[in-house]
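Working notes, beginning with the structure itself.
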Amino acid sequence: MPMHLSARVSRLKPSSTLAAAAAAGEMARRGIDIISFGAGEPDFTTPAHIRDAAKDALDAGHTHYSPIAGEPAAREAVARKLQRDNQLGHVTAENVLISAGGKHSFFLLVHALFDPDGDLEMILPTPAWVSYRPIAEMAGARIVEVPTRVEGDFKMTPERLRAALTPRTRLLLINSPSNPCGTMYSPDELRALAAVVAEHNAAGGRVIVASDDIYEKIVYADTPFATIGRFLDPKCSITLNGLSKAYAMTGWRIGYAAGPLELIRAMTRLQGQMITCIAAFCFPAIVEALDRGDADVAEMREHYRRRASLMHERISALPGVRCPRPTGAFYLFPDVSAWFGRTTAGGASIRSSLDLATALLSEAHVAVVPGDEFGGCGPNHIRLSFACSTERIQEGMDRIARFIDGLR
Ligand SMILES: Cc1ncc(COP(=O)(O)O)c(C=O)c1O
């Protein structure tokens, strides 16, 4: 008898980025030397002093349930961090909810804002991280894409935002630095977008802006990182962030949200009926990372900076490729559509980004993520992550260059 599953999960597709990583992992297990430009996670291990804080907490008996929104000391550390690093002076520990990763924070947010079968909208500049759309749609949001272009460094302009806003807009998602685009907004560009939201809300709109700042520490632009919340009324702004990327802590599952009390309390009620709280021994590690992790972050950032310029130089040298200079996160998102319509040395025809990624994996043993599911112009692009050593980058780019050379 076939299992009867809910419409909600039946519609849900597995994450394409995780699927790409699984295919590459399978080949690696068969002993094939795969160069992975697919992973969306740092190749570094969590700094020792942060690991020690969790080990000490376990030994000291932090093995019980914690308050749903997180231990007060950790919520205070998050508030301190947001005040210090992001100039969000109004944030207190009460405005903070600690959850099981940035993805989980976003899940809680959209489930607190949207109803199933409703007509409220979420504006999503695309290309965008593959999980926003399925998670928000599951909550009942209607996605309004604002496609951006490679020529504009994948940034949404104030005019395009203004045109997308309607009385039904409930949420605007900003992710800067961006996965998959590898670019970020300048403080002035964010200020201009915030002004459009303020104007809309002053005229009766009810838009909340969620800023996903998960890549905030991995930046190497000429302008500094800023979060759009700095330029918004705190009543309509929520910051989503976490420890996964900045501190190389993807496996720990720690994220947080900071926003208006009513919204944070609603998300906390939901978390209470979902996971209760995160693992108790993580809280001292959160304090350690946020209060004393800056030097580690700076060291990792230097590696990313060198890799970003190397990879950009190598990818830009390939014929027909267009790729903005990366300014944040650890991704490049080149337009590779010039290679569509060609045939590989192994006889595969390349009609799409997925064909290209499949052939690169099977013939060149390089894993990349096809751009199809990032939305907007994504189908003309592939995503390459440079969370691997410079030697591996050189080797992987040599393989890609040979593969492109062999196209007919
Ligand atoms: C833009 C963006 N936001 C959030 C996340 C989720 O991070 P976490 O591992 O904390 O759930 C990711 C992970 O890839 C991401 O790329």
Can Val146 be described as more than 16 Å from the ligand (Cβ to nearest atom), more than 17 Å from Leu113 (Cα to Cα) and either in the same structural domain as Ile123 (by TED's automatic domain parsing) or surrounded by fewer than 20 Cβ atoms within 10 Å (Cβ to Cβ) (or both)? yes
Going by the structure shown, is Asn95 at pLDDT 95 or above and within 16 Å of the ligand (Cβ to nearest atom)? no
Long-range neighbours under 8 Å by Cβ, at least six apart or interchain, first residue over 16 Å from Ile393 (Cβ atoms) and touching a residue at least 60 places away in the same chain (Cβ under 8 Å) within segment 286-311, second outside any helix (DSSP H, G or I) and of a type in the set (Phe, Trp, Tyr): Ala289/Tyr247; Gly293/Tyr247; Asp296/Tyr247; Val297/Tyr247; Arg301/Tyr220
Looking at segment 243-262, is at least one residue free of Cβ contacts under 8 Å to residues at least 12 places away in the same chain, within 19 Å of Leu88 (Cα to Cα), in a helix (DSSP H, G or I) and of a type in the set (D, E, K, R)? yes
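Of all helices (runs of 4 or more DSSP H) completely enclosed by segment 1-62, which ones contain at least 1 residues that are within 25 Å of the chain's Cα centre (by Cα) and surrounded by 13 or more Cβ atoms within 10 Å (Cβ to Cβ)? Step through it out loud before you land on a result.
Numbers: elements: 7-11, 16-29, 48-59.
The helices (runs of 4 or more DSSP H) meeting that bar are 16-29, 48-59.
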Could you say whether any residue in segment 156-163 is within 13 Å of the ligand (Cβ to nearest atom) and among the small types (Gly, Ala, Ser)? no
Kindly check whether there is at least one residue in segment 54-68 that is closer than 24 Å to Val297 by Cβ and within 16 Å of the ligand (Cβ to nearest atom). no
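Which of the following residues is within 23 Å of Gln271 (Cα to Cα), modelled with pLDDT of 95 or more and not basic (Lys, Arg): Val130, Val110, Val144?
Working: Val130 fails: modelled with pLDDT of 95 or more; Val144 fails: within 23 Å of Gln271 (Cα to Cα).
Just a single option satisfies the conditions, and that option is Val110.
Here is a yes/no grid of residues against (1) within 14 Å of the ligand (Cβ to nearest atom); (2) at pLDDT 95 or above; (3) outside any loop (DSSP other than H, G, I, E, B):
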residue: Ala266; (1), (2), (3): no, yes, yes
residue: Met274; (1), (2), (3): no, yes, no
residue: Ile278; (1), (2), (3): yes, yes, no
residue: Cys282; (1), (2), (3): yes, yes, yes
residue: Leu310; (1), (2), (3): no, yes, yes
residue: Pro324; (1), (2), (3): no, no, no
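When residues of segment 257-276 are filtered for being surrounded by fewer than 20 Cβ atoms within 10 Å (Cβ to Cβ) and out of contact with any Pro (no Cβ under 9 Å at 6 or more places or on another chain), how many remain? Let's see the steps before the verdict.
The initial filter retains those residues of segment 257-276 that are surrounded by fewer than 20 Cβ atoms within 10 Å (Cβ to Cβ), namely 260-262, 265-266, 269-270, 272-276.
Remaining after also requiring out of contact with any Pro (no Cβ under 9 Å at 6 or more places or on another chain): 261-262, 265-266, 269-270, 272-276.
Residues that pass the stated criteria total 11.
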Which one is surrounded by the most Cβ atoms within 10 Å (Cβ to Cβ) among residues in segment 124-142 that are within 16 Å of the ligand (Cβ to nearest atom) and assigned to a strand (DSSP E or B)? Pro125
Restricting to segment 220-256, what's the tally of residues that are crowded, with 20+ Cβ neighbours inside 10 Å, β-branched (Val, Ile, Thr) and more than 14 Å from the ligand (Cβ to nearest atom)? 1
Scanning segment 90-121 residue by residue, those part of a strand (DSSP E or B) and of a type in the set (Val, Ile, Thr) turn out to be Val96, Ile98
Let me confirm something: among Ala348, Ala357, which residue is buried (at least 21 other Cβ atoms within 10 Å of the Cβ) and either farther than 22 Å from Arg149 by Cα or out of contact with any Leu (no Cβ under 9 Å at 6 or more places or on another chain) (or both)? Ala357
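The values are calculated or read from the model by the stated rules, or taken from the named source; none is laboratory data. The structure displayed is predicted, hence computed values, not measured ones. Positions of Cβ are backbone-derived with ideal geometry, glycine not excepted, and every protein chain shown enters the neighbour counts.
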